[in-house]
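Below: one structure, written as structure tokens.
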Amino acid sequence: MIIRYQADADLNQAIVTGVLRREATVDFQTAFAAGLEGVKDLEVLAIAAKQGRILVTHDRKTMPSEFAEFIINHQSSGVIIVSRKIPIEIVIEELLLIWSVSSAEEWVDRIAKLPL
């Protein structure tokens, strides 16, 4: 299955825009489109999982522990935590690389940090 992304409410929108400009066929849903503003982490993870989307977030403080709690009883489509310290161009490149060389199945219940 092809990778689909879900932006968390804290993700820099320029990342989503940049990915879609470079590759319009990537399915990258914005937090606004998913109604994620003000939604708690566990519910965000549930929404992304229900839609089969890898959650892309900047939240490295609470998301790893919330993810660990979530996968005890649920299956996640995966989480990618993006450092705010790396240039947006690098983030875009890495998300496009992940999208082009891996499958959605490889990301089930997996959490990773960018840069890889």
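The numbers here are math on the coordinates, done by the rules we state, and not lab data. In this text the structure is predicted, and so the values were computed from the model without any measurement. So basically every Cβ, Gly included, is an ideal-geometry build from the backbone, and we count neighbours across all protein chains shown.
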| said: For the chain, take the longest principal axis of its alpha carbons; what is the angle in degrees between that and the long axis of helix 63-73, to the nearest 10 within 0 to 90? | reply: 50
| field | Candidates Gly35, Gly52, Gly78: whichever shows maximal mean-square fluctuation once the chain is modelled as a Gaussian network with Cα springs under 10 Å | value | Gly35
| query | Among Met63, Gly52, Leu42, which residue has its Cα positioned farthest towards the positive end of the charge dipole of segment 35-78, with +1 placed on the Cβ of Lys and Arg, -1 on the Cβ of Asp and Glu, and the dipole taken about the Cα centre? | reply | Gly52
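Restricting to Cα pairs below 8 Å that are 6+ residues apart, what does the relative contact order work out to for the chain? Please round to a whole percent.
The value is 32 percent.
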| If you line up the long axis of helix 88-101 against the longest principal axis of the chain, both from Cα atoms, how many degrees apart are they, to the nearest 10? | 80
| task | Sticking with the crude label model, points 7 Å out along Cα→Cβ, report the distance from Leu96 to Ala112 in nm, one decimal please. | result | 1.7
| query | About its Cα centre, how strong a charge dipole does the chain have in debye, to the nearest 20, once Lys and Arg get +1 and Asp and Glu get -1 at the Cβ? | reply | 160
| query | Separation between the His74 and Lys61 pseudo-spin-labels, each 7 Å from Cα along Cα→Cβ, expressed in nm? | reply | 2.2
| query | How far is helix 13-22 tilted off the main Cα axis of the chain, in degrees rounded to 10, range 0 to 90? | reply | 50
| field | Computed label-point distance, nm, for sites Arg22 and Arg84 using a 7 Å Cα→Cβ extension | value | 2.2
